[in-house]
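A short worksheet on the structure shown next.
Here, each number is a calculation from the coordinates, and none is a lab measurement. Because the structure is predicted, anything quoted here is derived from the model rather than measured. Here Cβ is always computed from backbone atoms with ideal geometry, including for glycine, and neighbour counts include all displayed protein chains.
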Amino acid sequence: MPIVAHQKEPGIAEVVIDHPPVNALDVDGWFALADAVLAAGREPENRVVILRAEGRGFCAGVDIKEIQAKGDSALIGVNRGCFAAFAAVYECEVPVIAAVHGFCLGGGIGLAGNADMIVAADDATFGLPEVDRGALGAATHLARLVPQHRMRTMVYTATPATAAELASYGSVHAVVPRAELSDAALGLAREIAAKSPTIIRRAKESLNGIDPVDVRRSYRFEQGFTYELHVAGVADEQRAAFVEKRGADTSR
């Protein structure tokens, strides 16, 4: 199973992405992640959820090979799956801590950007390679992590930012050695788990209510351009180049 959920401690649930080699999730994986996060938040005794990953990195985004193999149905499915997973993190009834190591790319940005807090390993990098993959999306969530002009530069150039850079903006709570990541996330979770569950739930609801941007609507708008690029045939060339490990035709 690419998604594993369990009770870490009383009041603290943990949802783990474990889908080798790079935690790039297929359609089913995104929906499974959404279900696991929402279920953890609905548990009355829980006060906080830790979202982390096993393996080389936090999340490399969507499974591009699935889209290339199945076409329209997979693209529509993964768009809906990502929307569901990002929304689940945002709408989870309790705060979500993203514990990020290695690469956090594409869909990983959607998860981390919608989390309430981020603890990162010192090897973590955050990026949107979408322009190089024939897609758009999750700039909504990247804009929650970096300033506007930095976000635009990262989208246009597809270059990542380090955990240390995000910490300088205040969007990453702490940067720790990789070996200490789980303990750091758990320590922060324990601080929250010591609070009243009723108050914590209302705090999460109230903070979502005062957000200046509706992340669900904003992300859905972005997704429309991904499908436009797909229909135009531009996206297929970018995805094929990625799968075939060659340079893409960028003439159009």
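I'd like to know how region 176-252 sits against the 2.2 N^0.38 Å rule of thumb: what's its Cα Rg over that expected value? All intermediate terms of the calculation are to be shown ahead of the outcome.
Working: Rg = 21.5 Å, N = 77, 2.2 N^0.38 = 11.5 Å.
Rg over 2.2 N^0.38 Å, computed on Cα atoms: 1.88.
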Just need log10 I(q)/I(0) for region 108-159 at q = 0.24, 0.25 Å⁻¹, Debye formula, equal scatterers on the alpha-carbon atoms, no solvent, rounded to two decimals.
-> -0.94, -1.00
Counting only DSSP beta bridges with both residues in region 56-194, tell me the antiparallel percent, nearest 5.
-> 15
Tell me, how many Å apart are the Cα centres for region 2-35 and for region 213-240?
-> 25
Cα-based count: Lys pairs in the chain below 26 Å, eight or more positions apart or different chains?
-> 5
Mean residue ellipticity (222 nm) of the chain, computed from DSSP H runs ≥ 4 via -39,500 (n - 2.57), nearest 500 = -15500 deg cm²/dmol
Taking the chain as the reference, fit the longest principal axis to its C-alpha atoms, fit the long axis of helix 27-42 to the helix C-alpha atoms, and give the angle between the two in degrees, 0 to 90, nearest 10.
-> 20
Can you put Met154, Met1 in order of Cβ neighbours within 10 angstrom, beginning with the fewest?
-> Met1, Met154
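As a footprinting exposure proxy, order Leu111, Leu75 by other Cβ within 10 Å, with the fewest listed first.
Details: Leu111 32, Leu75 23.
Placing the least packed residue first, the sequence is Leu75, Leu111.
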Averaging over all projection directions, find the projected area of the Cα convex hull of region 68-115 and quote it in nm² with one decimal place.
-> 3.9
Label corresponding to log10 I(q)/I(0) by the Debye sum over Cα atoms at q = 0.08, 0.15, 0.17 Å⁻¹ when calculated from the structure given, among (1) -0.28, -1.01, -1.30; (2) -0.34, -1.08, -1.29; (3) -0.45, -1.18, -1.27 | (1)
To the nearest 10 degrees, the tilt of helix 234-244 (Cα long axis) against the first principal axis of the alpha carbons of the chain is 80
Treating each Cα of region 1-151 as an identical point scatterer and ignoring solvent, apply the Debye formula and state log10 I(q)/I(0) at q = 0.12, 0.19 Å⁻¹.
-> -0.44, -1.13
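When His173, His19, His6, His141 are ordered from fewest to most other Cβ atoms inside 10 Å of their Cβ, what list results? Each step should come with its number before you reach the end.
Numbers: His173 18, His19 21, His6 10, His141 26.
Fewest-to-most Cβ neighbours within 10 Å comes out as His6, His173, His19, His141.
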Residue-by-residue Karplus 3J(HN,Hα) for region 170-180, coefficients 6.51, -1.76, 1.60, Hz, glycine and proline x | x, 7, 10, 5, 7, 10, 9, x, 3, 5, 9
By how many degrees, 0 to 90 and rounded to 10, does the Cα axis of helix 72-91 deviate from the longest principal axis of the chain?
-> 20
Which FRET efficiency value, to the nearest 0.05, is calculated for Thr250 and Lys195 with the Förster distance at 41 angstrom and r the Cβ-Cβ distance?
-> 0.20
